[in-house]
Amino acid sequence: MAAGFEGFEITWKKDVFEGAAVPRKEVSYFGTRGVNFRAYKPEA
C-alpha cells in the first residue's frame, strides 16, 4: 500500500562520517549517508 506522498525531493545529503577521527565500518559496508527530504500528502 502506498503512503500517498507526492512531490518527494531530497534536499540535502552528506557522508555523515566524513572527518571522523576513527573510520567507521558502516560506511564501507552499507554506504551510510545522511539525507533530508520533503514531500507532501494531499488532503483526501
Thr32 long-range amide H proximity, modeled H, under 5 Å: Val27
Net charge of Cβ neighbours under 9 Å - reference Gly34; Lys, Arg +1; Asp, Glu -1: +2
J(HN,Hα) series, the stretch 31-40, from Karplus relation 6.51 cos²θ - 1.76 cosθ + 1.60, nearest Hz, glycine and proline x: x, 4, 9, x, 9, 10, 9, 9, 7, 9
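Values in this text are rule-based calculations from the coordinates and carry no lab data. Keep in mind that what you see is a predicted model, and the values were worked out from it rather than measured. A quick note on method: Cβ atoms are made from the backbone with ideal geometry, for glycine too, and the neighbour counts reach across all protein chains shown.
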